[in-house]
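Below: the structure, in C-alpha cells.
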Amino acid sequence: MCPTCYSYYMIATKEEQFIKLIAPVNFFLRLSGKAYANYIINKIFLHAKRIKAANQKICGLIEEHPAYLPEELQADAIELLNHYGIWLAQFEECVGEQQPKLSDIFVFQQLDSQSAFPKSAEKHFFDYYETMKEELIHN
C-alpha cells in the first residue's frame, strides 16, 4: 500500500478528536446552556432562537465529524442528536404557526418523554472534555 493511501485509513489522534469535535461541542453545549438559562428567566423568542443556533451547531459538528467521536461518547451523541432532532422539529412547527417577533413570549411544550434533554449525555461530554484537556496539557 502506498504511503498516501495509508493516510486515509489512519485513526484520529486524541489531539485531532479534541480540536475537531470535543472542544467545539463542549463550547456549543455551554453556549446552549447559557441561552437556555436566559430563556428560563425570560421566555421570549430571542432566547429560543439562540438555543436553536447553538443546538444546530452541536448537531452539525457531530454529524460532520463522526469519525472523531470516541466510542465511549457514541451513545451520548446519539441521545443528543435524537433530542435535538425532536426539539428542532417542534421549534420549527411552533415558529411556523406563531410567526413570533424576537420580543414575543415563546413557550412550547415537550411532546413526549422521549424528547427530554439528556443531561447525562451532556455531562459525559463535559467530563470527557476535561479529561482530554488534562491529558493533552500534560503530554
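The values are calculated or read from the model by the stated rules, or taken from the named source; none is laboratory data. These figures come from a predicted structure and were not determined experimentally. Glycine gets a Cβ as well: all are built from the backbone with ideal geometry, and neighbour counts include every protein chain shown.
Does Ala54 qualify as being out of contact with any Asp or Glu (no Cβ under 9 Å at 6 or more places or on another chain), at pLDDT 95 or above and buried (at least 17 other Cβ atoms within 10 Å of the Cβ)? Walk me through it before giving the result.
Working: out of contact with any Asp or Glu (no Cβ under 9 Å at 6 or more places or on another chain): yes; at pLDDT 95 or above: yes; buried (at least 17 other Cβ atoms within 10 Å of the Cβ): yes.
Against the criterion (out of contact with any Asp or Glu (no Cβ under 9 Å at 6 or more places or on another chain), at pLDDT 95 or above and buried (at least 17 other Cβ atoms within 10 Å of the Cβ)), Ala54 qualifies.
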Single condition Pro118 does not satisfy, out of (1) within 17 Å of Asn55 (Cα to Cα); (2) free of Cβ contacts under 8 Å to residues at least 12 places away in the same chain; (3) of a type outside the set (Phe, Trp, Tyr): (2)
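Check whether at least one residue in the range 129-136 is farther than 19 Å from Ala48 by Cβ and either surrounded by 17 or more Cβ atoms within 10 Å (Cβ to Cβ) or touching a Ser or Thr at 6+ places or on another chain (Cβ under 9 Å) (or both), and report yes or no. So that I can check it myself, show each step before the final result.
Filtering the range 129-136 down to residues farther than 19 Å from Ala48 by Cβ leaves 129-136.
After this cut, where a residue has to be either surrounded by 17 or more Cβ atoms within 10 Å (Cβ to Cβ) or touching a Ser or Thr at 6+ places or on another chain (Cβ under 9 Å) (or both) as well, the list is 129, 132.
Yes; the residues of the range 129-136 include at least one that is farther than 19 Å from Ala48 by Cβ and either surrounded by 17 or more Cβ atoms within 10 Å (Cβ to Cβ) or touching a Ser or Thr at 6+ places or on another chain (Cβ under 9 Å) (or both).
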Test set (1) surrounded by 14 or more Cβ atoms within 10 Å (Cβ to Cβ); (2) over 29 Å from Phe18 (Cα atoms); (3) basic (Lys, Arg) - Lys101 fails condition number: (1)
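Mind listing whichever residues of the range 70-122 are charged (D, E, K, R) and within 22 Å of Gly60 (Cβ to Cβ)?
Taking the range 70-122 and keeping what is charged (D, E, K, R), we get 71-72, 76, 79, 92-93, 97, 101, 104, 112, 119, 122.
If the condition is that a residue be charged (D, E, K, R) and within 22 Å of Gly60 (Cβ to Cβ), then Glu71, Glu72, Asp76, Glu79, Glu92, Glu93, Lys119, Glu122 are the ones that fit.
Which residue out of Ile137, Ile86, Ile58 is in contact with a helix residue (DSSP H, G or I) (Cβ under 9 Å, 6 or more places away or on another chain), of a type in the set (Val, Ile, Thr) and within 30 Å of Thr13 (Cβ to Cβ)? Before you say what the answer is, go through the steps one by one.
On the way: Ile137 fails: in contact with a helix residue (DSSP H, G or I) (Cβ under 9 Å, 6 or more places away or on another chain); Ile86 fails: within 30 Å of Thr13 (Cβ to Cβ).
One residue alone meets the criteria, Ile58.
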Criterion violated by Phe125 - all others in (1) touching a residue at least 60 places away in the same chain (Cβ under 8 Å); (2) over 17 Å from Gly33 (Cα atoms); (3) in contact with an Asp or Glu (Cβ under 8 Å, 6 or more places away or on another chain) satisfied: (2)
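Identify, from the list Leu46, Leu80, the residue that is in contact (Cβ under 8 Å) with a residue 40 or more places away in the chain and over 10 Å from the mean Cα position of the chain (by Cα).
Working: Leu80 fails: over 10 Å from the mean Cα position of the chain (by Cα).
Result of the check over Leu46, Leu80: Leu46.
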Tally, over the range 106-134, of residues that are at pLDDT below 95 and either at positive phi or outside any loop (DSSP other than H, G, I, E, B) (or both): 3
